[in-house]
Amino acid sequence: MALSPSVEASRTRGGHTRRTRLGPSRPTVVRLAALFATDAFGGGFVVQAFIAYWFSVKFHTSLGSLGLIFFAIGVLQTVSFLAATRWRRGSGCCPPGVHHLPSNLLLAAIAFAPSLRVAVVLLLARSVLSQMDVPTRQAYVMALVEPAERTAAAGYTNTARYVVRPFGPVLAGAGQGLFLGLPFLVAEA
């Protein structure tokens, strides 16, 4: 799917945009960047390496099985991303985060899964919902800012996510000594 040229800010004769910095939307973008950074920080607690470690320690899952689980997760996340755009067309733009509650409840439940099968089902169900907020979040940000501010707004909100995400795994590693499934609970909060 191609984007129309109208998504970009107007260009002057020299090919430069008229404004590349945030203007009137700065307070809104800063608040959204803080919200998205908080979400990314929590998500950093359950990176694939931790999930693989948890499955191998708790259920003695083989590398082959882990590979299949992560393959299925990748496929389901892609389906989730694509389904969100179709759902949005039918129901309109919803605020980002609407999908977080069920996704986070599934994530928290993984910490208490009594068997490998239950844990995998919970993780796969969570994967179906996990990417649904990405297109709606991005569309929401673009709808709130002036056209000339879109690139800067995307830069601020995405950078905020990536700056804080590496701190999650460090704290997850420290916290799992208290309870192996603790990162699933912290990421949910």
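Here, each number is a calculation from the coordinates, and none is a lab measurement. Because the structure is predicted, anything quoted here is derived from the model rather than measured. Heads up, the Cβs are rebuilt from the backbone with ideal geometry, glycines too, and the neighbour counts pull from every protein chain shown.
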Original post:
If r is the Cβ-Cβ distance from Ala83 to Val121 and R0 is 22 Å, what FRET efficiency results, to the nearest 0.05?
Top reply: 0.70
Subject >> Contour minus Cα-Cα distance for Glu146 and Ser65 (0.36 nm per residue) >> reply: 24.4 nm
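Starting from 0.36 nm per residue, how many nanometres of slack lie between Gln138 and Arg26 once their C-alpha separation is accounted for?
Working: separation 112, 0.36 × 112 = 40.32 nm, distance 1.60 nm.
Full-extension gain reported as 38.7 nm.
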Original post:
If you line up the Cα atoms of segment 34-189 on their principal axes, what length do they span on each, largest first, in Å?
Top reply: 52, 33, 24
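Of the listed peptides 135-141, 158-164, what is their order by residue-averaged count of other C-beta atoms within 10 Å, with the highest listed first?
Details: 135-141: 19.1, 158-164: 15.7.
Descending mean neighbour count gives 135-141, 158-164.
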